[in-house]
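Report on one structure; see the data block that follows.
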Amino acid sequence: MWGGRFASGPSAIMEAINASISFDKRLYREDIAGSIAHSAMLAAQGIISQGDAAEIRRGLEQIHDEIDEGRFEFSVAHEDIHMNVEARLSALIGPAAGRLHTARSRNDQVAVDFRLFVKNAAGDLDRALRLLIEALVDRAEEHAATVMPGFTHLQAAQPVTFGHHCLAYVEMAARDRGRVQDAIRRMDESPLGAAALAGTGFPIDRHRTAEALGFREPTRNSLDSVSDRDFALEFLAAASITATHLSRLAEEIVIWSTPQFDFVRLSDAFSTGSSIMPQKKNPDAAELVRAKTGRINGSLVALLTIMKGLPLSYSKDMQEDKEQVFDAIDNLALALAAVTGMVSDLQVNAEKMRAAAGAGFSTATDLADWLVRELGLPFREAHHVTGRAVAMAEERRVALEALPLEDLRQLDGRITNAIYSVLSVDASVASRTSFGGTAPDNVRAQVRHWRERLSAEG
């Protein structure tokens with residue numbers, strides 16, 4: 001491969017550190033597609049003959065089939081996917097194979113392969129996020145009026161509905177989709193034709209190859225084309241935020257499925273048992289989703305560190321970019337599938353949720369709001385009166401709605417029986433009718449919004 005510049009081959013150590021075929025063979029589809037597009041363009045431009053282009057295409061399609069069918073023998077001696085394919089092509093079609101690399105470098109070849117791979121993976125991620133949104137919207141509609149405690153600091157704060165809680169993750173997943181779609185728009189440029197770093201003197205048509213590979217247009221600077229990996233970094237950043245959202249939901253499933261909470265129950269499909277404690281049913285799928293977030297975040301940090309000090313243009317350091325991205329893609333796809341499955345699969349214990357929703361004096365804010373609205377108290381004074389009511393209920397070990405009217409009137413003589421209309425959890429959630437609030441009718445309206453939005457996408 002090195003031609004006449006070197007008198008001998010690399011040492012075994014150099015061969016081992018230099019070779020990337022063990023992982024970049026995963027790019028074979030993109031590499032072959034890029035080569036077919038490049039050879040067709042070379043022929044159209046009169047740079048190589050139509051006959052050579054036809055032979056190149058025939059050989060590349062055969063290599064594609066051989067790899068698909070597991071019949072291709074990858075060689076570390078050929079370093080990477082590009083040279084493995086080229087060596088096999090030469091064996092299949094002879095001298096015509098040597099014309100394929102005209103007006104091209106491995107620098108722009110790997111850049112287009114990797115960019116195309118990441119673009120396709122981002123499309124898969126977008127579709128997987130849509131499936132999660134659909135599952136969450138289904139559960140939100142089913143539980144639009146199922147009351148549960150809302151938490152701050154993991155302390156019961158105010159009653160909400162489980163449907164509203166599900167829709168919170170819909171919003172997160174929708175923003176994740178937005179980031180992925182934005183990343184796809186920015187990476188939708190083909191670096192093929194940038195050659196090693198300076199472009200080429202051959203009369204190539206980069207717009208033709210960009211269109212053939214499904215890119216919007218070619219990149220506009222040859223140095224940048226071969227030397228930057230911000231498309232991979234942006235993908236990993238979006239993946240890390242997505243994984244963080246999945247981890248938060250996974251953590252809630254872990255908490256909710258404990259006997260102490262018993263809000264939800266996972267089926268056997270997403271649980272495991274204990275080797276020693278027969279009563280155990282562990283939410284291992286949710287726990288592993290939490291853990292995979294660390295791997296995905298680590299991939300982002302690793303690639304940022306690889307790229308942070310590289311001068312223009314290409315450096316071999318960039319060979320280390322792919323394993324990080326491959327690992328993140330695989331683990332995020334698995335985590336998303338697991339979370340979507342758990343959301344669709346879990347059984348909701350509505351009675352336990354309702355009982356917990358009223359614990360911890362969760363309707364105290366409703367009491368304060370009533371004092372402001374009906375008696376005209378300044379909120380800070382209403383807050384103080386409500387605090388005294390909570391202290392009274394806590395001392396007597398009863399709920400706020402169980403305090404007798406005469407005791408509440410000791411706090412403010414104008415309090416009437418009407419106050420009890422706001423102290424139940426159902427009344428509390430029904431009153432939260434502000435846009436984006438937890439009232440069941442609001443939840444149903446948001447479900448309709450998301451179904452219409454998803455339907456408009458097709």
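The values are calculated or read from the model by the stated rules, or taken from the named source; none is laboratory data. Computed from a predicted structure; not experimentally measured. Positions of Cβ are backbone-derived with ideal geometry, glycine not excepted, and every protein chain shown enters the neighbour counts. Side chains included, ligands, DNA and RNA excluded: accessible areas come from the protein's heavy atoms. Shrake-Rupley method; radii C 1.70, N 1.55, O 1.52, S 1.80 Å.
Within segment 107-118, is even one residue open to solvent by 60 Å² or more (accessible area, probe 1.4 Å) and not basic (Lys, Arg)?
No: segment 107-118 contains no residue that is open to solvent by 60 Å² or more (accessible area, probe 1.4 Å) and not basic (Lys, Arg).
Pairs under 8 Å by beta carbon, first residue on the phi > 0 side of the Ramachandran plot in segment 427-456, partner surrounded by 13 or more Cβ atoms within 10 Å (Cβ to Cβ), six or more apart or different chains?
GLY436/ASN442
For segment 85-116, give me the residue count where each residue is part of a loop (DSSP other than H, G, I, E, B) and charged (D, E, K, R).
So the count comes out to 1.
With the requirement that a residue be closer than 19 Å to GLU457 by Cα, out of contact with any Phe, Trp or Tyr (no Cβ under 9 Å at 6 or more places or on another chain) and open to solvent by 10 Å² or more (accessible area, probe 1.4 Å), what does segment 162-183 give you?
Hits for segment 162-183 are GLU171, MET172, ARG175, ARG177, GLY178, ARG179, GLN181, ASP182.
Kindly indicate whether HIS82 is open to solvent by 40 Å² or more (accessible area, probe 1.4 Å), touching a helix residue (DSSP H, G or I) at 6+ places or on another chain (Cβ under 7 Å), under 14 Å from LEU27 (Cα atoms) and not in a loop (DSSP other than H, G, I, E, B).
Criteria not met by HIS82.
Go through segment 184-206 and give me each residue that's in contact with a Leu (Cβ under 7 Å, 6 or more places away or on another chain) and surrounded by fewer than 21 Cβ atoms within 10 Å (Cβ to Cβ).
Passing the criteria: only LEU197.
What's the number of the only condition in (1) open to solvent by 20 Å² or more (accessible area, probe 1.4 Å); (2) part of a helix (DSSP H, G or I); (3) charged (D, E, K, R) that ARG414 fails to meet?
(2)
Hey, SER424 hits all of (1) open to solvent by 50 Å² or more (accessible area, probe 1.4 Å); (2) touching a residue at least 60 places away in the same chain (Cβ under 8 Å) but one; which does it fall short on?
(1)
Being within 23 Å of the chain's Cα centre (by Cα) and buried (at least 19 other Cβ atoms within 10 Å of the Cβ) is the filter here; which residues of segment 427-458 pass it? Before you say what the answer is, go through the steps one by one.
Of segment 427-458, the ones within 23 Å of the chain's Cα centre (by Cα) are 446-447, 449-458.
Hits for segment 427-458 are GLN446, VAL447, TRP450.
Note down all Cβ pairs under 7 Å where the first residue falls in segment 246-263 and is open to solvent by 20 Å² or more (accessible area, probe 1.4 Å), the second is part of a helix (DSSP H, G or I), and they're at least six residues apart or on different chains.
SER247/VAL289; SER247/ARG290; SER247/THR293; GLU251/ARG290; VAL254/ALA286; VAL254/GLU287; PHE261/ILE255; ASP262/LYS352
Say we look at segment 44-60 and pick out the residues that are aliphatic (A, V, I, L, M) and over 18 Å from SER90 (Cα atoms); which of these is farthest from the chain's Cα centre (by Cα)?
Selected residue: ILE47.
When ALA355 is evaluated against the numbered criteria (1) over 28 Å from ALA195 (Cα atoms); (2) surrounded by fewer than 20 Cβ atoms within 10 Å (Cβ to Cβ); (3) modelled with pLDDT of 95 or more, which criterion, by number, is the only one it fails?
(3)
Can you go through ASP138, ASP126 and tell me which one is part of a helix (DSSP H, G or I), touching a helix residue (DSSP H, G or I) at 6+ places or on another chain (Cβ under 6 Å), at pLDDT 95 or above and not aromatic (Phe, Trp, Tyr)?
ASP126
Return the residues of segment 391-411 that are under 48 Å from the mean Cα position of the chain (by Cα) and surrounded by fewer than 16 Cβ atoms within 10 Å (Cβ to Cβ); say none if nothing qualifies.
Selection gives ALA391, GLU394, GLU395, ARG397, VAL398, ALA402.
Among the numbered criteria (1) in contact with a Ser or Thr (Cβ under 7 Å, 6 or more places away or on another chain); (2) assigned to a loop (DSSP other than H, G, I, E, B), which single criterion is violated by GLY46?
(1)
Examine segment 301-311 for a residue that is more than 24 Å from ALA427 (Cβ to Cβ), open to solvent by less than 30 Å² (accessible area, probe 1.4 Å) and of a type outside the set (A, V, I, L, M), and state whether such a residue exists.
no
For segment 201-221, does any single residue satisfy the condition of being in contact (Cβ under 8 Å) with a residue 12 or more places away in the chain and within 30 Å of ARG354 (Cβ to Cβ)?
Scanning segment 201-221 turns up no residue that is in contact (Cβ under 8 Å) with a residue 12 or more places away in the chain and within 30 Å of ARG354 (Cβ to Cβ).
Please go through segment 49-79 and give me each residue that is part of a loop (DSSP other than H, G, I, E, B) and on the phi < 0 side of the Ramachandran plot, ordered by number. Spell out how you get there, then give the answer.
Applying the first criterion (part of a loop (DSSP other than H, G, I, E, B)) to segment 49-79 yields 49, 69-75, 79.
Matches in segment 49-79: SER49, GLU69, ARG71, PHE72, GLU73, PHE74, SER75.
Tell me the residue from LEU346, LEU375 that is open to solvent by less than 60 Å² (accessible area, probe 1.4 Å), in the same structural domain as ARG127 (by the TED database), touching a residue at least 12 places away in the same chain (Cβ under 8 Å) and farther than 30 Å from SER20 by Cα, please.
One residue alone meets the criteria, LEU346.
Select from segment 229-244 the residues that are more than 17 Å from THR305 (Cβ to Cβ) and either of a type in the set (A, V, I, L, M, F, W, C) or over 9 Å from the mean Cα position of the chain (by Cα) (or both) and list them in ascending order.
Matches in segment 229-244: PHE231, ALA238, ILE241, ALA243.
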